[in-house]
Amino acid sequence: MPVPVPRPRAIPAVESGQAQAASAGGRTSAEHSEARAAQTQDAAENTTHTIDPADTGKPRNAETARNTAENSAPTNLTLLLIEDDPAGSPIVPDLLDQAGKPIRVRTARNLTEAERLLTDDVHCILLDLALPAPGRVGDGDDDELAVLRHVLELAPRHAVLALTASNDAERGAEAVRVGAQDYLFRDELDGRLLSRAIRYAVERKRSESAERRLAEGRLRAQENRRLERGLLPTPLLEGSPLRFAARYRPGRSRALLGGDFYDVVRTPDGTVHAMIGDVCGHGPDEAALGVELRIAWRALTLAGLCGDELLGTLQEVLEHERSDDEIFATLCAVDIAPDGRRAGLCLAGHPAPLIAAPGRPARLLPYDNNGPALGLLPGARWPRMQVELGAEWTLMLYTDGLIEGRVGAGRERLGQEGMVEMVGRQLAQGLRGEELLQAAVNEVRDLNGGELTDDVAVLLLDRVP
């Protein structure tokens, strides 16, 4: 039976099919030339950069190469044999993969050589459990499992086959429990069996890695959802006769929190303060800044600040916390008097709220004294306007994601006028509270022809005597 012959260690990769024609005693000049050509080809295949599949010529980093290797079926399998006497190994060199292509074999006499030969294009490791562990002498159970654990730590993304004696099946089973994909008996091995075992181990490792990544992704998603839910506000309206409802839809895919933010609190004097805002941008940094501004607004409001003084302080917070000087935020703040009949309104570059009352059409509150967005103009001022609400009313605060959706396939946007007409019609149909907000968001999405790309936040306050 032919055996693999150790090659010079100057070039790491050794083709299994190239060794069978040579004997341990010597080669012809032609055979040496062929071997050198094969080694040069392997060295080129083991270069540290891989080319983008789109043939752009741009090198991808090692992590991208590893991900590609893990997520696509290998075409040319490479086996790394770790055995202290490769020349005496019973492994035949003519190994073929499922497509009938030769399986390349690299050999390492010890773990130091194995670490040097373990590149990203290696798909499977065949480890002789009789190999002593680093720094240990002897063939005891602990030593053999220690060398396996060392290899598993050295190559966590590679499939591993354990090689043991036929009278030591228990040790092989223990190797699988420790982390190997399978075990083989040294004296019962042939090319067909080993080829099939390599393919099985590679596919099993790929399946295990995919399941692990999926489980890790689920855990991260659950943690993110718990975190983002904790960052959404809990209204403080105890003792207030006003009814509250809110709807929030982040524009980012699979996110629960976007750059929009809102809050409602009732201060000890009975005044209800409501706020809604929008940080420019849609990423996690903008979402985090929105949370900071919301928390700052609540703290400042409970501390007694209002109007221009409060917005000026919020601008300072934004200027200190934003990651870029060009980031700004719009904001609408309303403070409703304890009797519920009048309110103060401050607008910082934000759309004016909508108000509706029985017997009167829905309309926008005045926005003539709209101040600049927070973070645009140092030393800016935000006038506080007094507005009359009446005895019974519905007040809706919203972000521009609700009005900037398209109407049909053209360029037309819903706009504030379209939103006022839509909400007025839904109110006339008897919709209130959560039902009204749900219907409004759904209709805007339907008019847009699909999901909205911008964040949407809508806040509703109702006063019914």
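The values are calculated or read from the model by the stated rules, or taken from the named source; none is laboratory data. None of these values were measured; they are calculated from a predicted model. So basically every Cβ, Gly included, is an ideal-geometry build from the backbone, and we count neighbours across all protein chains shown.
Conditions (1) surrounded by fewer than 15 Cβ atoms within 10 Å (Cβ to Cβ); (2) polar (S, T, N, Q); (3) free of Cβ contacts under 8 Å to residues at least 24 places away in the same chain; (4) out of contact with any Pro (no Cβ under 6 Å at 6 or more places or on another chain), marked per residue:
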{"residue": "GLU417", "(1), (2), (3), (4)": "yes, no, yes, yes"}
{"residue": "ASN448", "(1), (2), (3), (4)": "no, yes, no, yes"}
{"residue": "GLU451", "(1), (2), (3), (4)": "yes, no, yes, yes"}
{"residue": "ALA457", "(1), (2), (3), (4)": "no, no, no, yes"}
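Among the residues of the stretch 379-398, those that are under 30 Å from HIS320 (Cβ atoms), in contact (Cβ under 8 Å) with a residue 40 or more places away in the chain and either part of a loop (DSSP other than H, G, I, E, B) or of a type in the set (Val, Ile, Thr) (or both) comprise ALA380, ARG381, TRP382, PRO383, ARG384. For first residues located in the stretch 152-164 and at positive phi, partners that are of a type in the set (Ser, Thr, Tyr) and lie 6+ apart or on another chain with Cβ distances below 8 Å do not occur.
Here GLY258, GLY270, GLY239 are screened, and the one residue that is touching an Asp or Glu at 6+ places or on another chain (Cβ under 9 Å) and at pLDDT below 95 is GLY258.
For residues that are buried (at least 21 other Cβ atoms within 10 Å of the Cβ) and part of a loop (DSSP other than H, G, I, E, B), tally how many sit in the stretch 255-280. Final tally of qualifying residues: 3. Across the stretch 426-441, the qualifying residues are those that are part of a helix (DSSP H, G or I) and without any contact (Cβ under 8 Å) to a residue 12 or more places away in the chain, and the one among them that is farthest from the chain's Cα centre (by Cα) is ALA428. Considering only the stretch 353-371, state which residues are free of Cβ contacts under 8 Å to residues at least 40 places away in the same chain and on the phi < 0 side of the Ramachandran plot. Answer for the stretch 353-371, where residues must be free of Cβ contacts under 8 Å to residues at least 40 places away in the same chain and on the phi < 0 side of the Ramachandran plot: ALA357, PRO358, ARG360, LEU365, PRO366, TYR367, ASP368, ASN369, ASN370. Here VAL423, VAL444 are screened, and the one residue that is over 33 Å from the mean Cα position of the chain (by Cα), in the same structural domain as ILE327 (by TED's automatic domain parsing) and of a type in the set (Val, Ile, Thr) is VAL423.
Remark: LEU447 falls outside the filter, which requires a residue to be aliphatic (A, V, I, L, M) and closer than 28 Å to CYS306 by Cα. Within the stretch 165-198, the set of residues being in a helix (DSSP H, G or I) and buried (at least 19 other Cβ atoms within 10 Å of the Cβ) comprises GLY172, GLU174, ALA175, LEU194, SER195, ALA197, ILE198. For GLY410, the test of being free of Cβ contacts under 8 Å to residues at least 40 places away in the same chain, within 21 Å of GLN315 (Cα to Cα) and assigned to a loop (DSSP other than H, G, I, E, B) is failed. Quick check, is VAL122 farther than 19 Å from ARG186 by Cα, at pLDDT below 80 and outside any strand (DSSP E or B)? Criteria not met by VAL122. Scanning the stretch 317-344 for residues that are surrounded by fewer than 22 Cβ atoms within 10 Å (Cβ to Cβ) and assigned to a strand (DSSP E or B) returns ASP335, ARG342, GLY344.
So LEU311 ticks every box in (1) surrounded by fewer than 15 Cβ atoms within 10 Å (Cβ to Cβ); (2) in contact (Cβ under 8 Å) with a residue 60 or more places away in the chain but one. Which box is left unticked? Only one criterion in (1) surrounded by fewer than 15 Cβ atoms within 10 Å (Cβ to Cβ); (2) in contact (Cβ under 8 Å) with a residue 60 or more places away in the chain is unmet by LEU311, namely (1).
Against the numbered list (1) among the β-branched types (Val, Ile, Thr); (2) under 20 Å from ALA130 (Cβ atoms); (3) in a helix (DSSP H, G or I), VAL202 comes up short only at (2). Counting the residues of the stretch 290-308 that are surrounded by 15 or more Cβ atoms within 10 Å (Cβ to Cβ) and part of a helix (DSSP H, G or I) gives 13.
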